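Notes to accompany the following structure.
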Amino acid sequence: MSLNSTRKCCVLVVMLTTALCLIVLTHPSAAQEALAPILQLPLPAQVYAFGTNPGDPAWALPSSTMTQGTDGNLYGTTPQGGSANYGTIFKVTPDGVLTVVHNFLFDNGPFSCYNGVILANDGNLYGTCYGVADSQGNVTPGDIYKITPAGVFTDLHDFSLNGVEGFHCTGIIQGMDGNFYGTTELGATNGSGAFFRMSPSGVVTVLHVFTTAEASAISAPLIQASDGNFYITSVQGGTNFVGTVLRITPSGSVIVLRNFATTDGAYPSAGLLQAKDGSLYGTTLQGASNNMGGVYRIAPNGVFTLVHSFTQLEADGVYVALTQGTDGYFYGVSEFGGATDQGTVFSMDSSGNLFSWDFGTNPSVFYRPISAIVQHTNGGYFADTEYGGGADFGTIYGFSFAEPPFCRLLPATARVGVKIGILGQGFSTASVVKFAGVRATTISLSGTTFITATVPPGARTGNVTVTTGSTTLTSNQPFKVKPVISSFSPTSGPVGTVVRITGSGLSQTTIVKFATVRATSIIVNSDTQVTATVPAGAISGKISVTTPGGSASSATAFTVN
């Protein structure tokens, strides 16, 4: 890949979090949307230096995603370090105690596993590697693996150079349906990789093969937005070959939402973030007003806005995704930029007002911030650097605005009767879980950091709260109750027939359709029943309902006589 700046290489996205010692600062409230003047912030505090102990992780990369586990610890990967120096999976406790959970070995196993890990609904961690070697040293291009918090490692799927799904997987996510979705960077029919689905047992199905007009050199993981579609960036490809933004349906239909043209940014290496306003935010490595890249906003329908163009002192290209905190502000890092070109960390509001912190002021402690900032459920923000620390193997750093702790949902969309996980802290057997005010009667506690709760009858789309004594934690995103249609009666009739629709999650129903025709008369009887009158112009077809939690269709068709 050729970029204007030879010192930049298009590396992958990392998410790094932990809950360690913090600098606590006073921050404006979320209501103070504009950051003008931007709050002046000191450099974050170093909380752990890689290389402190023998066998430590070393040199994290932007793609080395770190995530909070059900035990409250933070899990991540590095491509080097460990017992064989082929990389590690590690965990860090909230007090800063680091433990290597798994050592990668070149012989007979995966290596170059720097794409990080994700926490799945089953409580296990999943990740990808760029290489797998057998006992004879033969190498294949990567795999997808599962590892338990206790360190039990399972290789789920190996890629091959001639495989239909391509190779060099750029990370996976778990979809709303419980399956895993990902993309490959190279290979497949057209050489530009593919979009695939993987079952929890490791069965891979190719859903779309990319063309160069759509994507080339995908280096960021997917996100699944609230509309159920997947969104991703491609570093190159597209009309101008400087990158694209793609929308992908769960079945694999692809639409190019944006062809970058340098003036609006170029080479979007970083992944996307869906913000609280529903828009998608991303960054570019180059282009925009100063050719240092910028921050852009793009709606799911493709409406594009260049929010901010970086200057050299703010950031020199951004490789990793933005994070939006519970305070409503965006946070990001740049490996380069600043007065000494040792990297910056910046905060920004949705209008593009930005303040950056310069890592060059103390390079002996840490420099070159390399991974995306992630907010822990204790309210603090954490990430890591590529270099710094006593061994110069990189560090974990953190900062805090004294924001209150919150809880995170796993998953954030489900139907009534399904168990979901809740990450947080301070939980006990006396904790009370409510879904938009409706109490869950079936919960299970795992230590003080994780609760599973069954979505109760009558639950409504809205925030989940966990109250323990006098402390209430609120989810950082609304939980969406997915509606379900189990039956309807009668099954046929003329226009004007009143149809009783039964199911679950129906109390917030706003739309009922007979095939494609919207009913003008609906009555929400309860969470399990809605009645609708067959409208004029209705045709035979399935009945559908829409709520704030999504849409559902009947299994069979209603016949209009």
Between S226 and N259, what is the spin-label point distance in nm, taking each point 7 Å from the Cα along the Cα→C-beta axis? 3.1 nm
Would you indicate which of (i) 41; (ii) 58; (iii) 36 is the value of percent of Cα pairs over 34 Å apart derived from the coordinates of this structure? (i)
For N85 and R439 in the same chain, what is the full-extension length gain: residue separation times 0.36 nm, less their Cα-Cα distance, in nm? 122.5 nm
Multiply the residue gap between L313 and N138 by 0.36 nm, knock off their C-alpha separation, and tell me the result in nm, one decimal place. 58.4 nm
Hey, could you pull the Cα Rg and Dmax for the range 415-543, both in Å? 18.5, 57
Run the simple label-point estimate for N162 and V484 please: 7 Å along Cα→C-beta, distance reported in nm. 4.6 nm
Under 14 Å by backbone N from the virtual spin label 7 Å along Cα-to-Cβ at S526, the residues of the range 478-520 are 501-507
On full extension of the chain, what length is gained from T148 through A391, given 0.36 nm per residue of separation minus the C-alpha to C-alpha distance? 84.5 nm
With each pseudo-label sitting 7 Å past Cα toward Cβ, what's the T510-T249 distance in nm, one decimal? 2.2 nm
From phi via Karplus (6.51, -1.76, 1.60), per-residue ³J(HN,Hα) for the range 276-291 in Hz, x at Gly/Pro: 5, 7, x, 7, 9, 10, x, 9, 10, 7, 9, x, 6, 5, 10, 6
For the D122, N301 Cβ pair and Förster radius 35 Å, calculated FRET efficiency rounded to 0.05 is 0.55
Find how many whole Å separate the alpha carbon centroid of the range 438-477 from the alpha carbon centroid of the range 222-239. 31 Å
Hz values of 3J(HN,Hα) by residue in the range 144-149 - Karplus curve (6.51, -1.76, 1.60), Gly and Pro given as x: 10, 10, 10, 9, 7, x
5 Å is the cut-off here: which amide hydrogens, built 1.01 Å from N in the peptide plane, fall below it relative to L257, excluding neighbours closer than 5 in sequence? V245, L246, R247
When the Karplus curve 6.51 cos²θ - 1.76 cosθ + 1.60 is applied with θ = phi - 60°, which whole-Hz ³J(HN,Hα) does each residue of the range 317-327 get, with x for Gly and Pro? x, 10, 8, 10, 5, 6, 10, 9, x, 5, 7
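Where the only charges are on Cβ atoms (+1 Lys, Arg; -1 Asp, Glu), what is the dipole of the chain about its Cα centre, to the nearest 20 debye? Please list the in-between numbers first.
Working: 22 positive and 29 negative charges, 424 e Å.
I would put it at about 2040 debye.
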Taking trypsin sites (Lys or Arg not before Pro) as candidate sites, keep only those in a DSSP loop with at most 16 other Cβ atoms within 10 Å, then name the longest stretch of the chain containing none of them. 277-561
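Please work out the FRET efficiency for the pair S446 and T52, using the Cβ-Cβ distance as r and a Förster radius of 30 Å; give the result to the nearest 0.05. Provide the component values of the computation, followed by the final result.
Values: r = 30 Å, r/R0 = 0.99.
The computed FRET efficiency comes out at 0.50.
Here, each number is a calculation from the coordinates, and none is a lab measurement. Here the structure is a predicted model, which is why all the values come from computation and not from measurement. Heads up, the Cβs are rebuilt from the backbone with ideal geometry, glycines too, and the neighbour counts pull from every protein chain shown.
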